[in-house]
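Take a look at the structure below.
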Amino acid sequence: MARYGMVVDLKRCVGCNACVVACKSEHNTPNSVLFTTVLEKEMGTFPQCNRVFVPVLCNHCDVPVCAQVCPTKATHKRPDGIVFIEYAKCIGCCACIEHCPYHVRTLVQDPRMLYPDGTTAFEKPVAQQILNKVATKCDLCYHRVETGQRPACVEVCPTKARVFGDLADPSSEANRLVKDHGGWQMLPEKQTQPCVFYIG
């Protein structure tokens with residue numbers, strides 16, 4: 001069985017935010033709701049300084065605390081490793097938001113888009129409509145993955161900083177990058193075993 005995950009090469013990320021825009025477009029997320037963001041930090045002192053960019057998203061953990069605390073099982077881990085939310089079952093209790101150690105979940109307070117009075121040419125049908133008062137997050141573009149495509153953020157990255165693949169497949173590029181470059185996970189002390197790895 002596949003175990004989908006992602007590898008982010010920090011040496012390649014230039015902080016262009018193409019992934020953020022592609023994700024927002026792909027999911028038609030409401031105003032102020034982002035499934036992925038790019039953190040920035042300046043390192044060093046002038047003139048020997050550099051800006052570091054760290055893309056963050058749901059880690060699709062092997063041991064998802066968010067799913068363990070969800071009272072309605074709206075959040076659950078699929079057989080392929082994707083941690084998924086069924087909005088129709090979500091009651092907006094925020095237990096998953098409180099327990100996520102990575103702070104990548106959002107409660108939808110207002111489901112309106114930029115143009116609330118009607119659909120624009122830029123909006124398109126989505127796999128799962130985001131409802132009001134539900135917890136939401138990255139779903140690894142499961143609807144694209146199921147048709148053999150890569151997640152939108154991976155597809156548009158101009159520097160190929162994001163690599164999506166099957167971490168259970170020893171021959172996959174994602175698996176090779178983790179092994180060859182010492183891939184690391186965020187907050188390993190939380191013992192959630194994230195499926196998002198960083199290199200560089």
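Annotations for the structure displayed:
- Options 67, 22; residue that is under 27 Å from residue 184 (Cα atoms), surrounded by 13 or more Cβ atoms within 10 Å (Cβ to Cβ) and modelled with pLDDT under 95: 22
- Among the residues making up region 78-96, a single one is surrounded by 14 or more Cβ atoms within 10 Å (Cβ to Cβ), of a type in the set (Val, Ile, Thr) and either modelled with pLDDT under 95 or in a loop (DSSP other than H, G, I, E, B) (or both): 82.
- Among the criteria (1) more than 15 Å from the chain's Cα centre (by Cα); (2) under 28 Å from residue 163 (Cβ atoms); (3) of a type outside the set (Val, Ile, Thr), the one residue 92 does not fulfil is (2).
- Yes/no for residue 157 being closer than 24 Å to residue 101 by Cβ and either surrounded by 13 or more Cβ atoms within 10 Å (Cβ to Cβ) or of a type in the set (S, T, N, Q) (or both): no
- Region 178-200 residues that are surrounded by fewer than 17 Cβ atoms within 10 Å (Cβ to Cβ), paired with ones that are outside any strand (DSSP E or B) and of a type in the set (Asp, Glu) (beta carbon under 8 Å, 6 or more apart): 193/62
- Residue 101 meets the conditions (1) out of contact with any helix residue (DSSP H, G or I) (no Cβ under 7 Å at 6 or more places or on another chain); (2) modelled with pLDDT of 95 or more; (3) closer than 19 Å to residue 36 by Cα; (4) in a loop (DSSP other than H, G, I, E, B) in every case but one. The failed one is (1).
- Scanning region 140-189 for residues that are assigned to a helix (DSSP H, G or I) and under 16 Å from the mean Cα position of the chain (by Cα) yields 142, 143, 144, 145, 152, 153, 154, 155, 156, 174.
The values are calculated or read from the model by the stated rules, or taken from the named source; none is laboratory data. Only a predicted model underlies this, so the values are computations on that prediction, with no experimental measurement involved. Cβ coordinates were reconstructed from backbone atoms using ideal geometry, including for glycine residues, and neighbour counts include every protein chain displayed.
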